[in-house]
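The values are calculated or read from the model by the stated rules, or taken from the named source; none is laboratory data. As the structure is a computational prediction, the values presented were derived from the model and not from experiment. Here the Cβ positions follow ideal geometry from the backbone for every residue, glycine too, while neighbour counts run over all protein chains shown. The area values use the complete protein model at the heavy-atom level, side chains included, leaving out ligands, DNA and RNA. Shrake-Rupley method; radii C 1.70, N 1.55, O 1.52, S 1.80 Å.
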Amino acid sequence: MKTAIVFGVNGQDGSHLADLLVEKQYKVLGVVRRSSTDNTDRIKHLLKNNDNFNIVEGDITDSSSIMSVVNTYEHVDEIYNLAAQSHVGTSFKQPGLTWDVTGKGCMNILQAIVDLGLHGTRFYQASSSEMFGDSYDTDLSGEKYQNENTRFLPQSPYAIAKCAAHQAVRLYREAYNLHASAGILFNHEGPRRGDNFVTKKITNWAVDFKLWMEKHNLNIDDLNPCEGFIYGRVLGESIPKLRLGNLDAFRDWGYAGDYVEAMWLMLQQDYPDDYVICTGKTYTVRQFLDLAFKAIGVSDWSDYVVVDKNFYRPAEVDYLRGDSSKAKQNLGWTPKHDLNDLVSLMVYSRLNEKLQNHAGFVKNI
Ligand code: NAP
Ligand code: GDD
């Protein structure tokens, strides 16, 4: 039976990857930071039902903690580093912490692999399209894109830390002959996405708005949007508007469940390498809003959304659209879901969650 260690297992991607590995009959050890409250919501279903899935406490900023985690199994086939302070906006407010976790944390794991002499262990690093920042290439039709050959021009402390980690993977691969690969993943989302990323913030709000209207038996014509609130027909019926930052950024959004398959495929190759993983299509936040509101039956969201400068970042990445031809050719990987699927999935699972929670069921999406 193959063994794998997943750092960041209770995050969005970590939980999808753990599902995939368990399905492939791996014995999986997930690493979770100590928390004063329960932080295992996304992996509860695995903890309940699977003997081949276990968790251990650990922190990637602490080398001794990594050493003891990595030593748990006699032989580790694969180590995935998905742990990070992963919010770009937060990285401007906590640059030091972001550096320690998102940058140095990766180096700590690589060094542990070398120090413990784990030459048969394969390593995956979660690199990011944020590393491209303001940089792009242009294809023959004049369209902008980024691939493995596009230079990095990071625009946030998060992206700088990811670039450092990405370079560490290349160096350790060359210097120590490690089977270490990096997936340069473009934005990927789904029902398990953290609440403060833009897609989740929008789909959650849209569903809550729909349910609020239903609860009060309101139609669009009954609504009175003014200042930061939307009012209903009677006093006391109100809901705060959705507050967002820059609506004009372009992102290449895919489904997280598809992207963890690419991570696994990278570690099944004879040789380690770096791969861009994306859909190849790009949309603005504004277009995402159109789709999410359409999914709840609202054609014009402009009265319900406030553009709030507090959600702007000191520097922005304006345009991301990937080219994953290399992954298609070498890994046989292509995304299975498009943006319409993604929006429906996120909207309907939020609806489900709200209705099921209401009826006292346990959620497991
Ligand atoms: P996420 O949901 O924020 O998960 C991050 C995970 O890292 C969480 O489990 C978090 O645990 C853990 N973590 C944070 N600090 C840690 C530390 N010091 N020691 C150990 N674990 C720590 O992020 P995600 O969306 O799943 O992304 C997974 C990885 O891919 C991240 O490295 C992210 O930067 C990268 N990435 C993501 C995307 C994307 O669009 N999702 C795109 C490109 C790259 P807590 O729950 O305790 O915070
Ligand atoms: N989070 C957030 N909240 N973003 C907003 C908001 C808001 O209220 N309003 C507008 N945005 C814009 C951001 O400025 C950005 O241009 C875009 O929406 C996407 O923001 P996020 O969803 O926070 O994602 P991100 O692109 O910054 O970073 C994600 O993708 C990277 C890969 O490109 C994260 O998952 C990173 O960890 C990942 O590396």
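Some observations on this one:
- Test: residue in region 2-12 that is under 20 Å from residue 197 (Cβ atoms), assigned to a helix (DSSP H, G or I) and within 9 Å of ligand 1 (Cβ to nearest atom): yes
- Single residue of 264, 301 found to be in a helix (DSSP H, G or I) and surrounded by 14 or more Cβ atoms within 10 Å (Cβ to Cβ): 264
- The single residue among 283, 319, 312 that is open to solvent by 50 Å² or more (accessible area, probe 1.4 Å), touching a strand residue (DSSP E or B) at 6+ places or on another chain (Cβ under 8 Å), among the aromatic types (Phe, Trp, Tyr) and within 24 Å of residue 136 (Cβ to Cβ) turns out to be 283.
- Hits in region 123-142 - residues which are in a strand (DSSP E or B) and away from ligand 2 (no atom under 11 Å from the Cβ): 123, 124, 125, 137, 138
- The set of residues from region 143-189 being open to solvent by 50 Å² or more (accessible area, probe 1.4 Å) and either farther than 26 Å from residue 119 by Cα or outside any helix (DSSP H, G or I) (or both) comprises 143, 144, 149, 151, 152, 153, 160, 177.
- Count of residues meeting criterion [in contact with a strand residue (DSSP E or B) (Cβ under 6 Å, 6 or more places away or on another chain), open to solvent by less than 40 Å² (accessible area, probe 1.4 Å) and within 14 Å of ligand 1 (Cβ to nearest atom)] in region 51-96: 8
- Look at region 26-49: where a residue is aromatic (Phe, Trp, Tyr) and a partner is open to solvent by less than 50 Å² (accessible area, probe 1.4 Å) and part of a loop (DSSP other than H, G, I, E, B), sitting 6+ places away or on another chain with Cβ atoms under 9 Å, you get 26/52; 26/77.
- Any chance residue 118 is part of a loop (DSSP other than H, G, I, E, B) and more than 16 Å from ligand 2 (Cβ to nearest atom): yes
- Region 205-247, residues that are within 34 Å of the chain's Cα centre (by Cα), farther than 19 Å from residue 294 by Cα and in a loop (DSSP other than H, G, I, E, B): 227, 228, 245, 246
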